[in-house]
Amino acid sequence: MNSVTELGAELQRVRKQNGLTQEQLAELAGISERTLRSIERGAGNPSIEAVLSVADVLGLRIRVAK
């Protein structure tokens with residue numbers, strides 16, 4: 001994955017695959033639904049903690065590389 005937009009799209013795909021709404025995932029991740037929408041769109045500037053929290057709930061690992 002090479003961009004924030006691709007990351008957001010992948011998180012959205014896995015969320016839907018797991019049958020979760022944005023509201024449900026946001027609650028489970030401890031973030032606002034607005035923040036989750038921003039992450040999925042690849043927009044805004046969400047904290048790394050928010051992104052990692054979403055990934056954790058979905059059972060995903062995020063690796064940062066140069």
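Summary of values
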quantity: Segment 11-25, subset touching a residue at least 24 places away in the same chain (Cβ under 8 Å) and part of a helix (DSSP H, G or I), residue farthest from VAL57 (Cα to Cα); calculated: GLN12
quantity: Some residue of segment 42-49 being open to solvent by less than 70 Å² (accessible area, probe 1.4 Å) and of a type in the set (Asp, Glu); calculated: no
quantity: Among (1) outside any loop (DSSP other than H, G, I, E, B); (2) loosely packed, with under 15 Cβ neighbours inside 10 Å, the one test that ILE62 misses; calculated: (1)
quantity: Enumeration of residues in segment 29-41 that are in a helix (DSSP H, G or I) and open to solvent by less than 50 Å² (accessible area, probe 1.4 Å); calculated: ALA29, THR35, LEU36, SER38, ILE39, GLU40
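Conditions (1) more than 10 Å from the chain's Cα centre (by Cα); (2) at pLDDT 95 or above, marked per residue:
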site: THR5; (1), (2): yes, no
site: GLU10; (1), (2): no, yes
site: ARG15; (1), (2): no, yes
site: ALA29; (1), (2): no, yes
site: GLY42; (1), (2): no, no
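The values are calculated or read from the model by the stated rules, or taken from the named source; none is laboratory data. Predicted model, so just to flag it, every value in this text is computed and none were measured. Positions of Cβ are generated from backbone atoms using ideal geometry, with glycine treated the same way; all protein chains shown enter the neighbour counts. The area values use the complete protein model at the heavy-atom level, side chains included, leaving out ligands, DNA and RNA. Shrake-Rupley method; radii C 1.70, N 1.55, O 1.52, S 1.80 Å.
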